[in-house]
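Heads up: the structure comes next, in structure tokens.
The values are calculated or read from the model by the stated rules, or taken from the named source; none is laboratory data. Just so you know, these numbers come straight off a predicted model, no measurement behind them. Note that each Cβ is placed from the backbone with ideal geometry, even for glycine, and that neighbours are counted across all protein chains shown. With ligands, DNA and RNA removed, areas are computed over all heavy atoms of the protein, side chains included. Shrake-Rupley method; radii C 1.70, N 1.55, O 1.52, S 1.80 Å.
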Amino acid sequence: MGVKQYSNFINGQLVGATEFIEVENPYTNEIIGLVPRGGEAEADQALTAAKAAQPAWAKLAAATRADYLKQFAQVIRENRVELAQLLMHEQAKVAPLAQVEIDVTATYFDYYAGWARVYEGEIINSDDPKENIFLFQKPIGVAVGICPWNFPFFVMARKVAPSLLVGCTTVIKPSSTVPLTNMRFAELVAGLDLPAGVLNFVTGGGGTLGNALVRHPASDMVSLTGSVEAGVEIIKNSAEKIMKTSLELGGKAPAIVFPDADLDLAVKGVMDSRLIFSGQVCNCAERAYVHADIYDEFVSRLKAAFEAAQLGDPADAGVTYSSQVDKAQLDKISAMVDRAKAAGAEVVTGGGLHDAGTGYFYAPTILTGVEQSSEIVQKEVFGPVLPVIKWDDYDTVMAMANDCEYGLTSSIFTRNVGTVMQAQKDLNFGETYVNREHFEGIQGFHAGWRKSGIGGADGKHGLYEYLQSQVMYIRY
Ligand code: NAD
């Protein structure tokens with residue numbers, strides 16, 4: 001059987017291509033799909049369609065737009081197993097996690113459908129008793145959503161759901177590394193009666209298609225989830241348009257373990273957070289700070305937990321995690337650990353490649369003896385590697401946690417409510433998790449400080465990202 005060729009979805013039509021990008025299953029190293037290699041022409045077609053469709057879409061009642069989001073949720077549920085299999089194959093995500101991502105995505109569309117009758121403007125008191133001031137909320141227009149490879153299906157919904165609900169139209173560019181579930185979803189949407197041009201999917205490279213989508217005059221905002229480097233490029237390339245950007249970028253989350261922590265819970269929370277999806281998660285613990293009183297015990301228990309992780313085929317029951325997403329990621333992780341070792345880091349466990357069959361495996365790795373200023377503590381690894389640092393002074397550990405160019409998430413493990421409340425004041429991160437692994441809720445607000453981003457996603461505040469205000473002064 002030949003490898004399936006996917007189509008772009010532009011103006012309600014599946015549009016074939018002549019040039020394609022190969023998509024590899026990282027576990028088997030087989031090519032499992034071909035997606036169009038789009039560029040300026042495809043950006044122009046998709047954005048022109050989205051621009052034309054936007055006024056009529058915005059005129060619909062929000063509840064009518066919400067009905068389409070419910071249809072998306074429905075069609076995902078009807079195809080949940082097929083989509084999860086595809087996700088597993090295109091990125092070596094273990095089967096249960098792939099299924100969770102598909103199912104949560106359906107819930108996400110339903111969640112934002114529920115906002116149709118909830119979001120609102122304001123009435124403001126005027127200085128003039130014969131005047132009313134109204135603040136209306138209106139859709140920004142055409143939103144471009146640029147997605148990463150790590151949670152490709154869920155992040156797509158994070159951009160589509162709030163955007164469409166408030167009356168924006170959307171062009172989605174999936175990651176070229178992992179585009180297949182997005183493009184299969186586009187095929188499913190093509191079978192619905194969504195008005196043409198409201199939602200479009202185009203595939204291609206970041207520097208080519210992505211750049212063209214950003215620079216095109218028809219795009220009114222860009223929402224990127226990806227690396228700091230891509231965020232910088234998008235800010236530069238959108239500068240002359242003075243265009244709104246919503247950027248969810250990298251992370252280097254600290255996990256701080258206090259001497260009174262429940263150690264079973266802390267070890268499990270840090271391990272789950274670091275090893276889920278092979279460490280390729282922006283909000284998960286990338287560095288641990290452990291109090292001196294419990295440091296030896298914590299490191300010894302964490303070592304046992306890391307060594308119990310089952311690496312292998314993502315389809316096999318009991319496998320904890322599988323291959324990194326591609327060779328480039330494996331090489332990046334490997335090089336960072338090698339540099340840490342050369343700088344004096346001690347390897348508690350792991351520290352090299354792992355032979356778990358085909359694929360790009362890196363062993364679950366714990367490093368100690370690392371400097372706060374070192375690359376392995378300061379820069380995002382995006383792999384199953386955790387540097388652990390000992391501390392004994394509260395102010396010092398808070399300063400070390402905050403001392404990082406990223407500010408996405410953080411966590412603390414303690415039984416003391418006073419410590420929790422003080423840490424809330426002292427930690428400068430978009431999210432802080434207490435006594436649990438790093439994972440956000442769809443009704444929260446996922447937004448980073450510093451280089452982790454501008455704006456954010458989820459919940460009420462994620463919805464308002466796609467709205468702009470119009471104040472009207474009415475004298476009577
Ligand atoms: P990436 O930056 O390489 O790519 C992300 C997307 O941006 C891709 O679709 C890519 O094609 C596109 N892109 C790249 N350069 C571009 C440009 N100049 N113009 C327009 N588009 C461009 O990131 P990735 O490797 O796919 O994902 C991993 C990164 O994403 C990590 O840093 C991770 O922390 C981050 N991430 C952040 C979040 C979050 O919520 N903050 C979530 C997931 C991933």
Problem - the range 84-101 residues that are closer than 13 Å to T181 by Cα and modelled with pLDDT of 95 or more, paired with ones that are part of a helix (DSSP H, G or I) and among the acidic types (D, E) (beta carbon under 8 Å, 6 or more apart) - result: A84/E101; L87/E101; K93/E101
Fill in the blank from the handout: Pairing a residue in the range 232-259 that is farther than 30 Å from I389 by Cβ with any residue that is near the ligand (Cβ under 9 Å from one of its atoms) and open to solvent by less than 10 Å² (accessible area, probe 1.4 Å), where Cβ atoms lie under 6 Å and the two sit 6 or more apart in sequence or on different chains, gives I234/V214; I234/V222; I234/L224; N237/V214; S238/V214; T245/V222
Handout entry: Members of the range 445-457 found to be more than 8 Å from the ligand (Cβ to nearest atom) and out of contact with any helix residue (DSSP H, G or I) (no Cβ under 7 Å at 6 or more places or on another chain), listed by number
Key = A447, W449, R450, I454, G455
Fill in the blank from the handout: Counting only residues that are outside any helix (DSSP H, G or I) and open to solvent by less than 10 Å² (accessible area, probe 1.4 Å), the range 148-170 contains a total of 4
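Could you tell me which of the residues T48, T18 is modelled with pLDDT under 95, of a type in the set (V, I, T) and out of contact with any Phe, Trp or Tyr (no Cβ under 8 Å at 6 or more places or on another chain)?
Going through T48, T18 in turn, the sole match is T18.
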Fill in the blank from the handout: Cβ pairs under 7 Å, 6+ apart or interchain, first in the range 449-471 and more than 19 Å from T409 (Cβ to Cβ) and of a type in the set (A, V, I, L, M), second outside any strand (DSSP E or B) and open to solvent by 10 Å² or more (accessible area, probe 1.4 Å), ordered by first then second residue, are L463/W115; L463/Y119; L467/I140
Practice task
Would you point out the residue of the range 445-454, among those that are open to solvent by 30 Å² or more (accessible area, probe 1.4 Å) and not aromatic (F, W, Y), that is nearest to L165 (Cα to Cα)?
Solution key: I454
Problem - Flag if A143 is buried (at least 22 other Cβ atoms within 10 Å of the Cβ), in a strand (DSSP E or B) and more than 12 Å from the ligand (Cβ to nearest atom) - result: yes
Practice task
Go through the residues of the range 229-247 one by one and say whether even a single one is modelled with pLDDT of 95 or more, surrounded by 19 or more Cβ atoms within 10 Å (Cβ to Cβ), within 26 Å of M400 (Cα to Cα) and of a type in the set (V, I, T).
Solution key: no
Practice task
Return yes or no: is D296 more than 13 Å from the ligand (Cβ to nearest atom) and touching a residue at least 24 places away in the same chain (Cβ under 8 Å)?
Solution key: no
Problem - I31 being in the same structural domain as V202 (by TED's automatic domain parsing), closer than 30 Å to A356 by Cα and surrounded by fewer than 16 Cβ atoms within 10 Å (Cβ to Cβ) - result: yes
Problem - Hits in the range 171-198 - residues which are in a loop (DSSP other than H, G, I, E, B) and within 16 Å of the ligand (Cβ to nearest atom) - result: P174, S175, S176, T177, V178, P179
Exercise for the section: Among what's in the range 63-85 and is among the aliphatic types (A, V, I, L, M) and within 26 Å of the chain's Cα centre (by Cα), pick the residue that is most open to solvent (accessible area, probe 1.4 Å). Expected result: V81
Exercise for the section: Could you list all residues from the range 339-363 that are open to solvent by 20 Å² or more (accessible area, probe 1.4 Å), closer than 21 Å to V388 by Cβ and in contact with a Gly (Cβ under 9 Å, 6 or more places away or on another chain)? Expected result: K341, G344, E346
Exercise for the section: Determine if the range 221-240 includes at least one residue that is of a type in the set (D, E, K, R) and under 25 Å from W57 (Cα atoms). Expected result: no
Exercise for the section: Evaluate the range 379-402: report whether one residue or more is small (G, A, S), open to solvent by 10 Å² or more (accessible area, probe 1.4 Å) and assigned by TED's automatic domain parsing to the domain that holds K303. Expected result: yes
Handout entry: Any chance T320 is open to solvent by 40 Å² or more (accessible area, probe 1.4 Å) and β-branched (V, I, T)
Key = yes
Practice task
Identify, from the list E431, E465, the residue that is surrounded by 14 or more Cβ atoms within 10 Å (Cβ to Cβ), within 16 Å of the ligand (Cβ to nearest atom) and not assigned by TED's automatic domain parsing to the domain that holds Q54.
Solution key: E431
Completion exercise
Restricting the range 201-215 to residues that are out of contact with any Ser or Thr (no Cβ under 7 Å at 6 or more places or on another chain) and among the polar types (S, T, N, Q), the one farthest from the ligand (Cβ to nearest atom) turns out to be T208
